[in-house]
Amino acid sequence: LQGPRYVGPAPNGGFVVSEECGDVKVFMSSHKLLCSLSSKYGHQFGNPAGVCVDRDGSILVADEQRRTVHLFPEHGAPVCLVSTGLRRPAGMACSSFGHLFVADTGENCVKVFK
């Protein structure tokens, strides 16, 4: 890893790690690299920060530089879930009720999205 920042659990016992170098890596339960999101999806991150996985197994990534949150489904193209209203998104968490919690360090608060 190159500058690991945030880590979160992934489906099937694996985990997801954002890196300072501008990528997000997904690891299997055996701790072997499964994929790089930038390579798999052809997505360019600014400065990936918080990561989490929703109840469907999609990976969500907060981009501090671009002030966005993208969803990366197992199959299909990435989807921008939040494109406005974030100043400096950092840590994130997904609830089992479909809520997304984003710590916005630029506004010293936690924002909740449904």
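The values are calculated or read from the model by the stated rules, or taken from the named source; none is laboratory data. Since this is a predicted model, take the numbers as computed values, not measurements. Glycine also receives a Cβ, built like all others from the backbone with ideal geometry; neighbour counts cover every protein chain displayed. With ligands, DNA and RNA removed, areas are computed over all heavy atoms of the protein, side chains included. Shrake-Rupley method; radii C 1.70, N 1.55, O 1.52, S 1.80 Å.
Largest GNM mean-square fluctuation among Phe97, Phe15, Phe45, using the chain with Cα springs under 10 Å: Phe97. The candidates Thr105, Thr84, Thr68, arranged from most to least accessible area with a 1.4 Å probe in the full protein assembly, appear as Thr84, Thr105, Thr68. Starting from the Cα-Cα distance between Thr84 and Asn12, subtract it from 0.36 nm times their residue separation and give me the gain in nm to one decimal. Answer, rounded to one decimal: 22.7 nm. Straight-line reach from Lys40: taking Cα to Cα under 12 Å and skipping same-chain neighbours fewer than 8 places apart, the aspartates and glutamates in range are Asp23, Glu74. 3J(HN,Hα) along the range 23-31: 9, 10, 10, 10, 10, 7, 4, 7, 6 Hz, from the Karplus curve 6.51 cos²θ - 1.76 cosθ + 1.60 with θ = phi - 60°, whole Hz, x for Gly and Pro. With a simple spin-label model that places each label point 7 Å from the Cα along the Cα-to-Cβ direction, the separation between Gln65 and His31 comes to 3.0 nm.
Between Lys40 and Val110, full extension at 0.36 nm per residue minus the direct alpha carbon distance yields a gain of 22.2 nm.
Might you tell me the accessible area per residue for the chain, computed with a 1.4 Å probe and given in Å²?
On the way: 6280 Å² over 114 residues.
Computed with neighbouring chains in place, this is 55 Å² per residue.
So what does the Cα-only Debye profile of the chain read at q = 0.10, 0.15, 0.21 Å⁻¹, as log10 I(q)/I(0), no solvent term? Per q value, in the given order, log10 I(q)/I(0) is -0.25, -0.57, -1.16.
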